[in-house]
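Just below is one structure, and these are the notes that go with it.
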Amino acid sequence: MTEIITGMRVIKMYAWRTFWRCVKQIRKLEIAKMITASYPIGTNLLLGLYGNRLLDVAMVITYALTTNEPIRASTIFVVVSLCRVISFSFMRRIPRAIQLSSECLVAVERIEKLLLLEENREDDKSEIEDGELSEGTKIEANGVCCSWHEETTANTLKDISFEVKSGQLTAVVGPVGCGKSSLLMSIIRELPVKKGSLKVGGSVSFAAQQPWVFSGTVRKHSLWQGISGNKVQKNCKRLRPEKDLLPDGDQTMIGERGMHHGIWLNTSYPSTHQLQYLATADQIIVLKDQPNENFSQKLFKAEEKQTGDVKWSVYGKYFKSGTNWLGLVCLVFFLLSTQNSRNVTNHFILGFLPPSTERAAFIYGMLILALMLFGLVRAYLALHIMINSSKNLHNKMFAAVLRSPIFFFDTNPTGRIQNRFTKDIGIMDDQLPLTFFDMLQLLLQIIGVVILNAVINYFTLILILPLLLLFLLLRRYSVNATRPVKRLDGVARSPIFSHTTATIHGLSTIRAYKKEEEFFKMFLCSSRQTYRSLVLIFVLDAGLVGVLLNNTLHLTAIFQFTVRQTAFIENEMTSVERVIEYTKLKPEAPLENHKKKPPTSWPGKGSISLRDMSLKYSSESPLVLKNVSCNIKSEEKVGIVGRTGAGKSSLITALFRLAEPCGNIVIDGVNCLELGLHDLRKQLSIIPQDPVLFKGSLRRNLDPFSNHSDEVLWNAIRDVSYERKNIIK
């Protein structure tokens, strides 16, 4: 999922719309495991609630077979009360404890596996020595051999020897895969030295091949190396025009993808402000030095947070996502049937025992069997509906995120998007079905007990109704306090995910500048925000209000737990609320337009014509390109030049319709704005400045849909001067 989010620009421009099938396949396997686990979980829930009935019937049958005395209500009352006490602990608490313990062991094993990974041995002087060097020497390597994997015999670098003097500018050249980047990694202690010696004198400054920024202000990025503010201001006077474009100057917040929506992209049309590289261009497009009004926007939006009660429409969408009306009717039927069976068993055992002991035992056994059958079907059906709701809402959110314009990914950190797919979906998968099912069972039990008690003696309503109102008021007070905390918790986790992702991506740069401790403190600062909430815990101890046989005792016992579960439901429904919010993201234009299809041989020549083309990244933002018109002939080499923020990359954004332009973009006589996005993008080609590699084989990255033969792929590899021997199978 992280790969898809970070590589979304490439996926969109290459029209790899089926690339995310791997996520759907993994999710499908996950749902299958959840459905398999729902059967023992449903059985456990049933036994935890109605297990005492099995003990009741076992004792009644034993009593009937071993004695000839009639069953008296006083005897049954004592038996049922004792069975309830035993079953609550034995059939509900113990299985739940076993389940949670097993989940805890899995989590501990994963954490242990991570903690036992080999650490960076930067203090091992046998690998890299910060020793005394000869005068004027800064780097000295003698017979250096390095390998990324200790268990492999093949060396990434073999017998490397060189010396770099102070003040020298040394260039490292060689074909693709020869080890240029690995040599730099060995100098900054990212690649361990297996043999030889490598000595580095003085401090190291490192500029990564791929630009890396983290979430923070422009000033924080400038000062993170410990340089004084005055020195930075003195060295950055030339950047004052760019600084003036930012809404808050050097205090402007930027995200992990940088400040502008596309300044990192180049294509076969080189976009640059270095004029010396344009000697071979057939045509040069110069963008005027005009202020980019898009910079006046906030570059980093705060995450939205809902307020007030969770709306009833959220509950409705949750259940509608899991089943149709027929499924809901069946669920209600089995909910009511199970509760009715329970009421009948209570009524029978405590109030209407037949004179024959054997007959009583037989009838009671049949009633318990019916109760268990209805209860099993109810449990399995309810869990399947809620698991299906989680699956469908995840799929809808995933599809909505994938179809969102690129502006959405530029203004939302990766961690914020991941938070919805991890924490919120995790709650919907693991916690919400169990809590919701518990709440439904308990509510129906309360309603059934109240009705049964009212039938037997309606005076009990005088005591039950005030108690019910008291618990409803306490629940309301508790939910009003805990629901905002739950929403804050969902928002507060996003910075943790964002910081972790940014740290992993920039790990080599952080280590090169020895800033590990600083980033660890930043992580602690983000994580502490999650736990600075005020938590209010209410222990609602319901007193005994009029005991009417065993039902009233049971009623007072489950009141508090029912209030707790209903409060938990509303808190956990905030995750459903957040997922539904992402299902409503505004999509891009249609992927295909069946009314307007390009010719099969299109584009044949590659001529491009822009006519009064304008572009803005969202409906609320101002125009970043205004009435641009130009003609690019077939086979021309075109350079696009202009200062930072002038809109060079915005032309590429418009050409691939990553943001929807207005006007006309005509390629070989076909208006691109009338085509479907997939039909347009799959006919264009682009080489992004930042390479994106997806986890998997080299073949999968070169040909993700297996459209080409081995010969074609090897020819492509040879064309970029990459040796076959450098590829490790």
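The values are calculated or read from the model by the stated rules, or taken from the named source; none is laboratory data. For clarity, every value in this text was computed on a predicted model and none was experimentally measured. All Cβ positions, even for glycine, are placed from backbone atoms using ideal geometry, and neighbour counts span all protein chains on display.
Go through segment 153-173 and give me each residue that's outside any loop (DSSP other than H, G, I, E, B) and either β-branched (Val, Ile, Thr) or within 11 Å of LYS194 (Cα to Cα) (or both).
Passing the criteria: LEU157, LYS158, ASP159, ILE160, VAL164.
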Next on the checklist: Which pairs turn up if I take residues in segment 575-601 that are without any contact (Cβ under 8 Å) to a residue 40 or more places away in the chain and look for partners that are charged (D, E, K, R) and part of a helix (DSSP H, G or I) with beta carbon separation below 9 Å, at least 6 apart in sequence or on another chain?
Outcome noted: LYS595/GLU674
Item to check | helices (runs of 4 or more DSSP H) lying entirely in segment 643-727 (those with 3 or more residues that are acidic (Asp, Glu) and loosely packed, with under 14 Cβ neighbours inside 10 Å) | outcome: 710-719
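Being farther than 20 Å from GLU592 by Cβ and not assigned by TED's automatic domain parsing to the domain that holds ARG403 narrows it down to one of LYS682, LYS633, so name that one.
LYS633
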Checklist entry - Does SER356 count as modelled with pLDDT under 85 and not acidic (Asp, Glu)? => result yes
Next on the checklist: So, PRO599, is that one surrounded by fewer than 14 Cβ atoms within 10 Å (Cβ to Cβ), modelled with pLDDT of 85 or more, out of contact with any strand residue (DSSP E or B) (no Cβ under 6 Å at 6 or more places or on another chain) and farther than 30 Å from LYS391 by Cα or not?
Outcome noted: yes
Checklist entry - Does segment 449-467 contain at least one residue that is under 30 Å from SER38 (Cα atoms), assigned to a helix (DSSP H, G or I) and assigned by TED's automatic domain parsing to the domain that holds ILE26? => result yes
Checklist entry - Going through segment 632-650 one residue at a time, which ones are modelled with pLDDT under 80 and more than 21 Å from ARG9 (Cα to Cα)? => result GLY642, ARG643
Item to check | Scan of segment 405-419 for residues that are closer than 18 Å to PRO587 by Cα and of a type in the set (Ser, Thr, Tyr), ordered by number | outcome: THR411
Checklist entry - Based on what the data block shows, is SER321 crowded, with 16+ Cβ neighbours inside 10 Å, at pLDDT 85 or above and of a type in the set (Gly, Ala, Ser)? => result yes
Item to check | Subset of segment 178-189 [free of Cβ contacts under 8 Å to residues at least 40 places away in the same chain and under 20 Å from SER203 (Cα atoms)] | outcome: SER181, SER182, LEU183, LEU184
Checklist entry - Can you tell which of ILE510, ILE462 is within 30 Å of ILE5 (Cα to Cα) and at pLDDT 75 or above? => result ILE510
Item to check | Selection count, segment 400-439, where residues are over 28 Å from THR503 (Cβ atoms) and free of Cβ contacts under 8 Å to residues at least 12 places away in the same chain | outcome: 0
Checklist entry - What single numbered condition from (1) at pLDDT 80 or above; (2) of a type in the set (Gly, Ala, Ser); (3) on the phi < 0 side of the Ramachandran plot; (4) buried (at least 16 other Cβ atoms within 10 Å of the Cβ) fails to hold for GLY196? => result (3)
Item to check | Lone unmet requirement of (1) modelled with pLDDT of 85 or more; (2) among the hydroxyl-bearing types (Ser, Thr, Tyr); (3) surrounded by 19 or more Cβ atoms within 10 Å (Cβ to Cβ) for THR574 | outcome: (1)
Checklist outcome for this item: Quick count over segment 1-42, residues being β-branched (Val, Ile, Thr), farther than 17 Å from SER404 by Cβ and part of a helix (DSSP H, G or I), is 5
Checklist entry - Which one is nearest to the chain's Cα centre (by Cα), of the residues in segment 1-31 that are crowded, with 19+ Cβ neighbours inside 10 Å and among the basic types (Lys, Arg)? => result ARG9
Item to check | Residues (over 33 Å from the mean Cα position of the chain (by Cα) and among the polar types (S, T, N, Q)) located in segment 645-676 | outcome: ASN664, ASN671
Item to check | Tally, over segment 306-318, of residues that are charged (D, E, K, R) and modelled with pLDDT of 85 or more | outcome: 1
Checklist entry - Scanning segment 136-177 for residues that are touching a helix residue (DSSP H, G or I) at 6+ places or on another chain (Cβ under 9 Å) and within 20 Å of ALA207 (Cα to Cα), which turns out surrounded by the fewest Cβ atoms within 10 Å (Cβ to Cβ)? => result VAL173
Checklist outcome for this item: ALA567 meets each of (1) outside any loop (DSSP other than H, G, I, E, B); (2) crowded, with 16+ Cβ neighbours inside 10 Å; (3) more than 32 Å from the chain's Cα centre (by Cα); (4) modelled with pLDDT under 85 with one exception, condition (3)
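Does LEU625 count as closer than 30 Å to GLN209 by Cα and touching a Cys at 6+ places or on another chain (Cβ under 8 Å)? If you could, list the steps in order and put the result at the bottom.
Details: closer than 30 Å to GLN209 by Cα: yes; touching a Cys at 6+ places or on another chain (Cβ under 8 Å): no.
It is false that LEU625 is closer than 30 Å to GLN209 by Cα and touching a Cys at 6+ places or on another chain (Cβ under 8 Å).
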